[in-house]
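First comes the structure, then the notes that go with it.
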Amino acid sequence: MSDCDGNWGVYVIKADGSSLTRLTNYPADELHPAWLPDGRCIVFQSTRSGGTDIVMNADGSGVARLTTNLAYDGGPSCSPAP
């Protein structure tokens, strides 16, 4: 995550520091990304609609909201399936 362009967003970058790509482009803060164990998806916290946890494909497509309650939801994480 970075705020290099004015608001916090989720980015990917190659290990050598090249090819910085922003995956989220929403006028809310997108924070605390975590890769799912299979590497196909990323979960993150967003200030959209007051605060929610969101999942998306590793390329930034397929964005889906995971939580919809009125309470604070933040700091999503993933663990391998048993």
Might you check whether a residue that is without any contact (Cβ under 8 Å) to a residue 24 or more places away in the chain and closer than 14 Å to MET1 by Cα occurs anywhere in the stretch 35-46?
-> yes
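For every residue, the table says whether it meets (1) surrounded by 11 or more Cβ atoms within 10 Å (Cβ to Cβ); (2) modelled with pLDDT under 90; (3) under 12 Å from the mean Cα position of the chain (by Cα); (4) over 22 Å from SER79 (Cα atoms).
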site: SER2; (1), (2), (3), (4): yes, no, yes, yes
site: GLY6; (1), (2), (3), (4): no, yes, no, yes
site: TYR26; (1), (2), (3), (4): yes, yes, yes, yes
site: HIS32; (1), (2), (3), (4): yes, no, yes, no
site: TRP35; (1), (2), (3), (4): yes, no, yes, no
site: GLY50; (1), (2), (3), (4): yes, yes, no, yes
site: ILE54; (1), (2), (3), (4): yes, yes, yes, no
Residue that is open to solvent by 40 Å² or more (accessible area, probe 1.4 Å) and touching a strand residue (DSSP E or B) at 6+ places or on another chain (Cβ under 9 Å), where the choices are SER61, SER77 = SER77
For the stretch 8-45, how many residues meet the condition of being in contact with a Phe, Trp or Tyr (Cβ under 9 Å, 6 or more places away or on another chain) and not in a strand (DSSP E or B)?
-> 6
Do you know which residues across the stretch 56-79 are out of contact with any Asp or Glu (no Cβ under 6 Å at 6 or more places or on another chain), part of a loop (DSSP other than H, G, I, E, B) and modelled with pLDDT of 85 or more?
-> ALA58, ASP59, GLY60, SER61, GLY62, VAL63
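The values are calculated or read from the model by the stated rules, or taken from the named source; none is laboratory data. The structure displayed is predicted, hence computed values, not measured ones. Please note: Cβ atoms are built from the backbone with ideal geometry, for glycine as well, and neighbour counts cover all protein chains shown. Just the protein is used for accessible areas: all its heavy atoms, side chains included, with ligands, DNA and RNA removed. Shrake-Rupley method; radii C 1.70, N 1.55, O 1.52, S 1.80 Å.
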